[in-house]
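Reviewing the structure listed below.
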Amino acid sequence: MIHSVDILLSFVLLSVLFSFGTSRLVVMIRIVAFQGVAAAIAPFFLEHSMSFGGIVFTMSILSIRGIIIPWSIYAVVKKIGIKRALEINVGYNASLFFCLLLIVSAQMLSHKFNLSDFTGSKLIVSAAISLIVAGLFLLMARRNAIVMVLAYIMMENGISLLGAPLSAGAHTIVEFGILLDVLAGVMIMGIMLQSIQNKYVNLDTAQLRKLKE
């Protein structure tokens, strides 16, 4: 029997595949926003009952993940005027091949965690692992600073998704505190990205080697 959350997580896995094959920053932002929304609403499917406070925290997390953080990054992209991330270390075809291997390997590895019995979902662990490893891969495979920020957020989404079945109930309070730190980091990164753009025209992090005190 297919659990309702597995349908959502299937789209999350597809979004990871799309993120590896696109160079458009707006598409990447939308993908990360969708992944954030999916990670935020996962507790609704995993918990049989949720308190009013839990619902408020979850909706706050949803707003931060799905609206505030993506909009903040989009505002920076629009102000800088860069539409595509062309600075890469690994080609897109090789990235897509790695992503397919990642999804298959994550599904095989997820059975060792044996969480599907009490979560009711067969894909939550594999989706979480895929997001975490995908974020790590994009940090190494892409040199564009905005993509690296999005990859970091993707990793955080994966960690949150993995923690949802392990810490049901108290997970929302901890997650809300972490998200405030992430939001502050995104704001600071926005200022830094504009400074890098003004100095080096593009956002290739390889240019950071030229920085001197």
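The values are calculated or read from the model by the stated rules, or taken from the named source; none is laboratory data. Only a predicted model underlies this, so the values are computations on that prediction, with no experimental measurement involved. Note: ideal-geometry Cβ built from the backbone for every residue, glycine included; neighbour counts use all protein chains shown.
Per-structure values
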item	result
Residue ID - surrounded by the most Cβ atoms within 10 Å (Cβ to Cβ), chosen from residues in region 113-123 that are at pLDDT below 75 and outside any helix (DSSP H, G or I)	S121
Matching residues in region 124-156 - criterion: being polar (S, T, N, Q) and in a helix (DSSP H, G or I)	S126, S130
Check on F11, of a type in the set (F, W, Y), modelled with pLDDT of 85 or more and buried (at least 19 other Cβ atoms within 10 Å of the Cβ)	no
Subset tally (residues that are at pLDDT 85 or above and farther than 22 Å from G81 by Cβ) for region 20-47	7
Any hit, region 67-84, residues being closer than 18 Å to T22 by Cβ, in contact with a strand residue (DSSP E or B) (Cβ under 7 Å, 6 or more places away or on another chain) and modelled with pLDDT under 75	no
